[in-house]
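The structure appears right after this line, and notes come after that.
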Amino acid sequence: MGIHKQSFSVRIRAAGWLWQRLTGVGLVLFLALHFWVQHMPTGFLATAEEYAGIMREFGMADQRYVDAIADGAIREALPEEHVITYDKVTERLANPLWKGIDIMLLVFAALHGMNGLYNVMGDYLRSSGARRAALGGAVLLFLGVTVQGIVSIMSAGLR
């Protein structure tokens, strides 16, 4: 019985090791896609002219915005700079492909973090009861944050 229990534990730890590597690869892939779209001029970023138009609209709506620009808290875009704006993000997230990519980034990051947290808890929590309680709380937090993130991504871009 003891040998069987030990081999099960070894298989669980091996699966966790493999899962950490697989989610790490997924993170690199989806983070690279996210970074490329959000930070490179791919059409999903506002041009300096579009951003200047947004700044004018805000300036007409609220003097505090004009003051923030004058104080240097908000700066104008440089001539060739591309800026992340709400409109461009919602335009991108109207496409189901990009919603899927952002959801996969969220899920891989959450699973990778959860697996890492599980490993840390196994290293530092000696009591099986404390480990189970901490893991249960972490799973609830993981599920809550992941579901909220997916709902946010799915609702973005709807007009």
Next on the checklist: If A77 satisfies all but one of (1) more than 21 Å from the chain's Cα centre (by Cα); (2) farther than 26 Å from Q38 by Cβ; (3) surrounded by 17 or more Cβ atoms within 10 Å (Cβ to Cβ); (4) not basic (K, R), what's the number of the condition it fails?
Outcome noted: (2)
Next on the checklist: Quick check on region 56-67. Is at least one of its residues more than 25 Å from V151 (Cα to Cα), small (G, A, S) and in a helix (DSSP H, G or I)?
Outcome noted: yes
Next on the checklist: Looking at E76 and the list (1) among the acidic types (D, E); (2) free of Cβ contacts under 8 Å to residues at least 60 places away in the same chain; (3) closer than 20 Å to G149 by Cβ, which single condition is not satisfied?
Outcome noted: (3)
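Each value in this text was obtained by applying a stated rule to the coordinates, not by laboratory testing. Being a predicted model, the structure only gives us computed values, none of them experimental. All Cβ positions, glycine included, derive from the backbone under ideal geometry; neighbour counts span all protein chains shown.
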